[in-house]
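Enquirer: The structure under discussion is supplied below as structure tokens; questions concerning it will follow.
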């Protein structure tokens, strides 16, 4: 034991280092500093005055273990077997030691003998009794110790240690850390990212944050609970994002809806990922003795002699962790040693290698490497990342005084270590000054903070500089540049190679950062964005609060060597930069021959759109807007404005004020009373009536009417009317209808228009010939035109006569006669009689027991149109079958509970047909066979045999439904048209003859269509579908299905829902255009970044790949510019891809061979998403095949050939060439000279057959495979 005494001054006293020497330290008077190193023994501190501090040389935390407690009046800081500090009489009166500090320079904490902290950083220590301790503001350290304690951290980043006892720990705002330390703990993190540690537990824990109940060996563990090793004790976790496990075999169920992370420590842990897309699982490996090996691929890997099975990891303690992953994402954080992290084969992954020389390998999807957190872990250098195939030498990176060279596919991390990157498409840099270089493919480079340099290289890249003044180069192909992505960003990015025009680069303008901006508007027109020419460069300048705010324009991006006049909307997030903005005075502004946006602002302005499809905003005051030629949008805004559309299909809206509108040539659209409280009167000088060519339309703003039923006619409800005033027609509105306090007001004057000439087409589809009855019994008849007749109250008789009429019975018992034409008859309340007459009529009885007669031609009958309806309608003349004149009856499945949308109500037990004498009854059971309701008759079809009713009569639902059980069924149809639903279980469904519909349901089913044109839907599971003879439609749906069309031409559906990743095998697909050729549907509606009508094979969303005798159909759902990658969707057995034509693939031609020939100079030649033939000719050329099966020939010179995706053929010819086939089975011939080959797939062939022994040179082959054998 050593005793060290200070003086009455300010002393520094160090305990004996090492050897576990127990010291007595007495600082006496003065402000003394006591320094302690872990493992220095058990020291006793006595002190008599001053403001004193204990300084620990390591910022100890939950991971190494310590606690603070009271022993009588003494304070003990216990490091769990690694030493102890006792402070004599700390709690006798005022604290003997006032502060606790760490040698890393972090903010000291203040010891308090009270149970309530200050606004600063406090250390609060409980007793053996239960108490409530409140840390208040600041980053507090609170120890509850024994007893049932309630600890509240308050605002700030707090650490709370419960101690033994049943404790309640509440973190409050801030990023808090908790350790319950025994007992039943309730831990509520509050706001911020909060963590709970179990590192000192004596046995394993099972943590459930999944959002679902987990069955743990018969113990139901609810979400937000932690089960301890005794199998009984549970903690409750609320608002906790991260958990540190024990040194034992823990189980962690990650959140299925948000981000959650797990640090496993030692032990063979099981880590279960989130089940829903959008959730993220973080797995951390901080405190380990050696590097980790993580293998999330579908096969085992061997690294350094260690074999790691699929979906497992050898952690830093030598234990094996198991991963169970589904739809949720995963983020792996490496250790500080040399790690090997292999990504997933079924989804992308996010990787942070931390320190060490790591190998970070992605899978077949888009994978991300991040260096963003490195500075927080002690990194001092900027990141240098090189995804290209050549080494780079760079300068200007944080921490590196001179130039730094980084080899191909490597990175220098923020610790100065070297990472090897394989199959990485996305990079997130640090907050220092970083340097990122992309590959020849489609990359996403994120600079984060700092003044970064980003080079995309070839491919359609996304470059995001982040905060800081960044230098961005997209490289070849169309690139996306992201600027100002956070509030308060004032950085200026320089883009060195921006390509203008259609098909060029795109610059993202984040309008969500703007205030005083209308979503959907154009920031160039609203005064939030502008382009300024500065010498040879164009500046993009942004004003975040627009012309009326306090902010001013600031430069956000510099486009080097770009003329602003060359920029088009496609380069600027779809916003037209030709926006012309006026001043606060009277302006005369004219557009161009292009599509212009002109905003007059304040003042009496004159705006001239000229040619093009222009948008003109008058702004405040009295303006004149002239659209000119083209389809224009004219908005007068405030004031008494004059709007002239000119030629073209124009849209004119006067806004507030009494405006004068002239549509001009062609059909135009007029908007009046566009806001609540508008009482202005617009005059339309040239309104064209009727339905012919050039007829105009006027919008009736019924959304502003009160006491108006949606779907009604405002002319019939008393909210609108036409009045003849001399040669003109007035459109008048009563906004609350005949029962309200408001009165009719004129909203528009149609000059030289006779009101009788106006038809529904001119008035938003509402017929102005509305006839409205009284509250008594009425007999109302229409005209020979299109009438709208409403009976209102009373027993009314309504006669539509000729024309396409709408008859609304209203309350009570009514008789509605449609007459000739295609009529709409609605009985409403009461027991009504409806007769459609001739024409295609729509009859809806409404409430009450109604009698419906369709009349001649096909008619549509609506029944049970509201919840709780129990009426029975009688249809007197229902025409069955599928022929001409057949009738159809609605099936309101939306009224049914326990019903799956898309199902058949006749098979689900919600509907049935019953023969009742000569009639057929349609009966509904609204909650199905498992519910409390019973079947009720809803319609009587007079003189109809139920066997004659087919799906065409019942909204497409086949009434001849055969339904399986929840088990394995074998169900067979008839010789007619059957509907067979297997339901759950492994079912076998046989359609036999007829045009059958087979629905497999859940599990693995076998569907045999048999004869006839059949519809086969596998639904869930791995199904086997056989169409048989006839023109069949086969849809495997979810699961890896096997489809056989059978005889005749068949139609195959694949990937029928978002997120589908299944692979269907079609065994007998017939290619070509001969009789019997098959078709496959390309689901372009699933694709993003895709323009309707485009060819997905040309846009990079689809491709064909030959795989032996078979052809693979592969989809990339977001195209070459997105984060997704190509996935196989279907395998066509024994089909040569060259034989497939557009008619086989939904009308889209897959053959897009493009021939590109270089010059004698050094060329950069890029292919397309199709099959390209690229010849570099002479010169040192760079050839990029990109997607498709490409043929690349370098020619003479030292060439670089990159095949990209697909099975490519590369021929270097003469010279020192670099050949990299990319993905796919590639053939590479170097030819004469010293060549470099890069092998990435086992099917790659390296050959020098085009060279002799004397000319072939010395070649080098680099393989990314664990083994590769060169051919002879």
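The values are calculated or read from the model by the stated rules, or taken from the named source; none is laboratory data. Just so you know, these numbers come straight off a predicted model, no measurement behind them. Positions of Cβ are generated from backbone atoms using ideal geometry, with glycine treated the same way; all protein chains shown enter the neighbour counts.
Enquirer: Look at residue 731 and say whether it is closer than 19 Å to residue 668 by Cβ, outside the structural domain of residue 671 (by TED's automatic domain parsing) and surrounded by fewer than 22 Cβ atoms within 10 Å (Cβ to Cβ). Show your work before the answer.
Expert: Details: closer than 19 Å to residue 668 by Cβ: yes; outside the structural domain of residue 671 (by TED's automatic domain parsing): yes; surrounded by fewer than 22 Cβ atoms within 10 Å (Cβ to Cβ): no.
No: the conditions fail for residue 731.
Enquirer: Within region 759-780, can one find any residue that is in contact (Cβ under 8 Å) with a residue 60 or more places away in the chain and at positive phi?
Expert: Step one: filter region 759-780 for residues in contact (Cβ under 8 Å) with a residue 60 or more places away in the chain, giving 759, 761-764, 766.
Filter once more, so that each one left must be at positive phi: 764.
For region 759-780, residues in contact (Cβ under 8 Å) with a residue 60 or more places away in the chain and at positive phi: present.
Enquirer: Determine which member of the set 881, 868, 885, 903 is at positive phi, surrounded by fewer than 19 Cβ atoms within 10 Å (Cβ to Cβ), assigned to a loop (DSSP other than H, G, I, E, B) and touching a residue at least 40 places away in the same chain (Cβ under 8 Å).
Expert: On the way: 868 fails: touching a residue at least 40 places away in the same chain (Cβ under 8 Å); 885 fails: touching a residue at least 40 places away in the same chain (Cβ under 8 Å); 903 fails: at positive phi.
On inspection, the qualifying residue turns out to be 881.
Enquirer: Those residues that are surrounded by 21 or more Cβ atoms within 10 Å (Cβ to Cβ), modelled with pLDDT of 90 or more and either out of contact with any strand residue (DSSP E or B) (no Cβ under 6 Å at 6 or more places or on another chain) or part of a loop (DSSP other than H, G, I, E, B) (or both), I need them from region 523-542; list them, please.
Expert: Across region 523-542, the qualifying residue is only 528.
Enquirer: Same structure again: Just give me the residues in region 1165-1185 being closer than 18 Å to residue 1216 by Cβ and either out of contact with any strand residue (DSSP E or B) (no Cβ under 9 Å at 6 or more places or on another chain) or not in a loop (DSSP other than H, G, I, E, B) (or both), in sequence order.
Expert: So the first thing to find is which residues in region 1165-1185 are closer than 18 Å to residue 1216 by Cβ, and the list is 1176-1183.
Once the filter is applied, which keeps residues that are closer than 18 Å to residue 1216 by Cβ and either out of contact with any strand residue (DSSP E or B) (no Cβ under 9 Å at 6 or more places or on another chain) or not in a loop (DSSP other than H, G, I, E, B) (or both), region 1165-1185 yields 1178, 1179, 1182, 1183.
Enquirer: So in region 573-597, with the set limited to residues that are outside any loop (DSSP other than H, G, I, E, B) and modelled with pLDDT of 90 or more, which one is nearest to residue 647 (Cα to Cα)?
Expert: In the first step, residues of region 573-597 are kept if they are outside any loop (DSSP other than H, G, I, E, B); the result is 579-581, 588-590, 597.
Of the ones still in play, those that are also modelled with pLDDT of 90 or more are 588-590.
Numbers: 588: 21, 589: 19, 590: 17 Å.
Top of the filtered list is 590.
Yes or no, residue by residue, for (1) free of Cβ contacts under 8 Å to residues at least 40 places away in the same chain; (2) within 48 Å of the chain's Cα centre (by Cα):
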position: 808; (1), (2): no, yes
position: 811; (1), (2): yes, no
position: 825; (1), (2): yes, yes
position: 830; (1), (2): yes, no
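Enquirer: For residue 679, only one of the following conditions fails: (1) surrounded by fewer than 20 Cβ atoms within 10 Å (Cβ to Cβ); (2) modelled with pLDDT of 95 or more. What is its number?
Expert: (2)
Enquirer: Only one residue in 232, 281, 237 is farther than 28 Å from residue 374 by Cα, surrounded by 20 or more Cβ atoms within 10 Å (Cβ to Cβ) and without any contact (Cβ under 8 Å) to a residue 60 or more places away in the chain, so which one is that?
Expert: Values: 232 fails: surrounded by 20 or more Cβ atoms within 10 Å (Cβ to Cβ); 281 fails: farther than 28 Å from residue 374 by Cα.
One residue alone meets the criteria, 237.
Enquirer: Say whether the condition of being touching a helix residue (DSSP H, G or I) at 6+ places or on another chain (Cβ under 9 Å) and at pLDDT below 90 is met by at least one residue in region 258-279. I'd like the intermediate steps shown before the answer.
Expert: Residues of region 258-279 touching a helix residue (DSSP H, G or I) at 6+ places or on another chain (Cβ under 9 Å): none.
No, because not a single residue in region 258-279 is touching a helix residue (DSSP H, G or I) at 6+ places or on another chain (Cβ under 9 Å) and at pLDDT below 90.
Enquirer: Would you mention how many residues in region 745-782 are part of a strand (DSSP E or B) and over 18 Å from residue 712 (Cβ atoms)? Can you show your working first?
Expert: First pass over region 745-782, keeping only residues part of a strand (DSSP E or B): 745-750, 770-772, 779-781.
With over 18 Å from residue 712 (Cβ atoms) added as a condition, the list becomes 745-750, 779, 781.
Total meeting the criteria: 8.
Enquirer: Kindly evaluate residue 412 against the criterion of being more than 22 Å from residue 448 (Cα to Cα) and either at pLDDT 95 or above or touching a helix residue (DSSP H, G or I) at 6+ places or on another chain (Cβ under 7 Å) (or both). Write out each step before concluding.
Expert: Values: more than 22 Å from residue 448 (Cα to Cα): no; either at pLDDT 95 or above or touching a helix residue (DSSP H, G or I) at 6+ places or on another chain (Cβ under 7 Å) (or both): yes.
In short, no.
Every residue, every condition in (1) at pLDDT 90 or above; (2) over 27 Å from residue 1141 (Cα atoms); (3) in the same structural domain as residue 1131 (by TED's automatic domain parsing); (4) part of a loop (DSSP other than H, G, I, E, B), yes or no:
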| site | (1), (2), (3), (4) |
| --- | --- |
| 974 | no, yes, yes, yes |
| 980 | no, yes, yes, no |
| 1004 | yes, yes, yes, yes |
| 1010 | yes, yes, yes, yes |
| 1019 | no, yes, yes, yes |
| 1046 | yes, no, yes, yes |
| 1060 | no, no, yes, yes |
| 1073 | no, no, yes, yes |
| 1076 | no, no, yes, yes |
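Enquirer: Residues 258, 300, 288, 242: which one is touching a strand residue (DSSP E or B) at 6+ places or on another chain (Cβ under 7 Å) and in contact (Cβ under 8 Å) with a residue 12 or more places away in the chain?
Expert: 242
Enquirer: Kindly provide the set of residues from region 823-837 that are surrounded by fewer than 23 Cβ atoms within 10 Å (Cβ to Cβ), modelled with pLDDT of 95 or more and assigned to a loop (DSSP other than H, G, I, E, B), ordered by number.
Expert: Scanning region 823-837 gives a single hit, 831.
Enquirer: Given region 437-501, what strands (runs of 3 or more DSSP E) lie entirely inside it while holding 2 or more residues that are under 22 Å from the mean Cα position of the chain (by Cα) and under 27 Å from residue 423 (Cα atoms)? I'd like the intermediate steps shown before the answer.
Expert: Numbers: elements: 444-446, 453-455, 462-464, 471-473, 480-482, 493-495.
In region 437-501, the matching strands (runs of 3 or more DSSP E) lie at 444-446, 462-464, 480-482.
Enquirer: Take the residues of region 1241-1261 that are surrounded by 15 or more Cβ atoms within 10 Å (Cβ to Cβ) and within 44 Å of the chain's Cα centre (by Cα): which is farthest from residue 1107 (Cα to Cα)? Working first, answer last.
Expert: Here is the first cut: in region 1241-1261, the ones surrounded by 15 or more Cβ atoms within 10 Å (Cβ to Cβ) are 1241, 1244-1248, 1250-1251, 1256-1257, 1259, 1261.
Still in the running and within 44 Å of the chain's Cα centre (by Cα): 1241, 1244-1246, 1261.
Numbers: 1241: 13, 1244: 13, 1245: 15, 1246: 19, 1261: 25 Å.
Ranking the candidates gives 1261 first.
Enquirer: Inspect region 1206-1225 for any residue being in contact with a strand residue (DSSP E or B) (Cβ under 7 Å, 6 or more places away or on another chain) and either at pLDDT below 85 or assigned by TED's automatic domain parsing to the domain that holds residue 1101 (or both) and give the result as yes or no.
Expert: The answer is yes, given that some residue of region 1206-1225 is in contact with a strand residue (DSSP E or B) (Cβ under 7 Å, 6 or more places away or on another chain) and either at pLDDT below 85 or assigned by TED's automatic domain parsing to the domain that holds residue 1101 (or both).
Enquirer: Quick test for you: out of 1188, 1195, 1215, pick the one residue that is part of a loop (DSSP other than H, G, I, E, B), under 31 Å from the mean Cα position of the chain (by Cα) and touching a residue at least 12 places away in the same chain (Cβ under 8 Å). Working first, answer last.
Expert: On the way: 1195 fails: under 31 Å from the mean Cα position of the chain (by Cα); 1215 fails: under 31 Å from the mean Cα position of the chain (by Cα).
Of 1188, 1195, 1215, the one residue that is part of a loop (DSSP other than H, G, I, E, B), under 31 Å from the mean Cα position of the chain (by Cα) and touching a residue at least 12 places away in the same chain (Cβ under 8 Å) is 1188.
Enquirer: Being part of a loop (DSSP other than H, G, I, E, B) and at pLDDT below 90 is the filter here; which residues of region 783-808 pass it?
Expert: Listed by number, the residues that qualify are 783, 784, 785, 786, 787, 791, 792, 793, 803, 804, 805.
Enquirer: So for region 387-403 (the condition being modelled with pLDDT of 95 or more, under 25 Å from the mean Cα position of the chain (by Cα), closer than 20 Å to residue 420 by Cβ and assigned to a strand (DSSP E or B)), does at least one residue qualify?
Expert: no
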